[in-house]
Amino acid sequence: MDTIETIMTTRAIRRFTDQPVTDADIATCLQAAQQAPSGGNVQPQQYYVFTESDRKAEVARWYLAAFDRYEATLDVPREFRDERARRSWERTRDASRHLADTLQDVPVIVMVLQAKIPWQPRDEQGPMDIGRLDASVYPAVQNFCVAARSLGLGTALTTVIRVYGDEALAALDVPADKFEIAALIPVGYPAGNFGVAPRKPASAVTHWNRWGDKRR
Ligand SMILES: Cc1cc2nc3c(=O)[nH]c(=O)nc-3n(C[C@H](O)[C@H](O)[C@H](O)COP(=O)(O)O)c2cc1C
């Protein structure tokens, strides 16, 4: 696929067909993920791939518990910009619930783990902010999703399982003192179509040379 088209049509997919996903395709996506940049080339991520039903069910149990709790905090916006915005919000709400209810049936679930390592250099002037460690993990996550898209596979970057992250890690035999969950990615062939998701135009959020100077 053309690279720009692949990126433009990589969006959250939460409804999947039953078509199996090959281990070889997952390995290709993981290799692409590993090529992502990281601060000082620290590469703090590890991947936990779930293809077996009982293992996926264990992950899905914690995802659902986390999503139920999170969803209860969500308010329906009082008003929407237009009818299209309202429908888009409702579609995302319904698709998110669907994913939470069916995660165990998604062909593959990839958990991206972030090592808990010291990440704040200090000198005589004190600690230095060099950016957060998770900034070194999400490029890999996005590489994974874009590579998957190029193979016709849908993904969604999700993080809500972090609500019960330690519990999920304990259930999956991951030492929670050494790792945290950066992302959980369902992977499968999409039930619908890939498309270009609505976003603010780049021109609306880009300043050229002087703050506030935007181009149409
Ligand atoms: C940091 C992050 C966390 C997210 N967590 C979740 C999640 O827990 N569950 C979920 O269904 N979607 C999650 N999403 C997906 C977003 O809802 C989605 O990217 C956004 O609505 C845009 O979707 P679109 O690309 O289809 O337009 C997350 C996305 C990001 C970047």
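Quick look at the values:
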item: Residue tally, condition under 27 Å from S150 (Cβ atoms) and modelled with pLDDT of 95 or more, over region 177-192; result: 11
item: Extreme residue, nearest to the ligand (Cβ to nearest atom), among residues of region 12-33 that are in a helix (DSSP H, G or I) and open to solvent by 70 Å² or more (accessible area, probe 1.4 Å); result: Q31
item: Selected residue [more than 14 Å from the ligand (Cβ to nearest atom), open to solvent by 40 Å² or more (accessible area, probe 1.4 Å) and basic (K, R)] from R55, R97; result: R55
item: Cβ-Cβ under 6 Å pairs, at least 6 apart or on other chains, region 122-140 side away from the ligand (no atom under 16 Å from the Cβ), far side in a loop (DSSP other than H, G, I, E, B); result: P127/Q120; M128/P121
item: Residue match in region 67-86 (condition: in contact (Cβ under 8 Å) with a residue 40 or more places away in the chain and open to solvent by less than 60 Å² (accessible area, probe 1.4 Å)); result: yes
item: Checking A148 against (1) in a helix (DSSP H, G or I); (2) within 15 Å of the ligand (Cβ to nearest atom); (3) free of Cβ contacts under 8 Å to residues at least 60 places away in the same chain, the condition it does not meet; result: (3)
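The values are calculated or read from the model by the stated rules, or taken from the named source; none is laboratory data. Fair warning: this is a prediction, and the values are worked out from it, not measured in the lab. All Cβ positions, even for glycine, are placed from backbone atoms using ideal geometry, and neighbour counts span all protein chains on display. Just so you know, the surface numbers come from the protein's heavy atoms only, side chains and all, with ligands and any DNA or RNA stripped out. Shrake-Rupley method; radii C 1.70, N 1.55, O 1.52, S 1.80 Å.
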